[in-house]
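Heads up, the thing below is written out as structure tokens.
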Amino acid sequence: METIVALHRNHFGEIISFVTSEGRIISYRKALIEAESGQIDGLSSVQGADGTLSLTAESTQSFDDYPNLF
């Protein structure tokens, strides 16, 4: 099962893409879809009050602990 090993943030600090343990670089949207379908381990999707879906790290590790590769 693939996991997230790094990420890329834009100049606003928002996550825009992820690097997987298989070396793939995938968009936030693609990671959301793959997390929902169970293809990526360690991520879960949560629905906000406004109805939008976002990703969270399932472990005690937050996204701030992942290296920024770009």
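Summary of computed values
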quantity: Pairwise FRET efficiency - VAL46 versus THR3, Cβ, R0 = 30 Å, nearest 0.05; calculated: 0.95
quantity: Among GLY48, THR20, HIS8 - extreme Cα towards positive end, dipole of the chain, charges at beta-carbon; calculated: HIS8
quantity: Size of charge dipole - the chain - debye, nearest 20, with Cβ of Lys, Arg +1 and Asp, Glu -1, no other charges; calculated: 240 debye
quantity: The chain, helix-only ellipticity at 222 nm - DSSP H runs n ≥ 4, -39,500 (n - 2.57), divided by all residues, nearest 500; calculated: -3500 deg cm²/dmol
quantity: Residues LEU69, LEU32, sorted so that the one with the fewest Cβ neighbours within 10 Å comes first; calculated: LEU69, LEU32
quantity: Chymotrypsin sites (Phe, Trp or Tyr not before Pro) restricted to region 1-65 and DSSP loop, no more than 11 other C-beta within 10 Å; calculated: PHE12
quantity: Label-point separation, LEU53 to SER37 (7 Å along Cα→Cβ), nm; calculated: 1.1 nm
quantity: Rel. contact order, % - alpha carbon contacts under 8 angstrom, at least six apart, the chain; calculated: 29 percent
quantity: 5 angstrom amide H check on GLU2, placed H, neighbours 5+ away; calculated: ASP41
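Read-outs: derived from the displayed coordinates by stated rules, not from any lab. Note that the coordinates shown come from a computational prediction; the quantities given were computed from them, not determined experimentally. For neighbour counting, all protein chains shown are included, and Cβ atoms are generated from backbone atoms with ideal geometry for every residue, glycine included.
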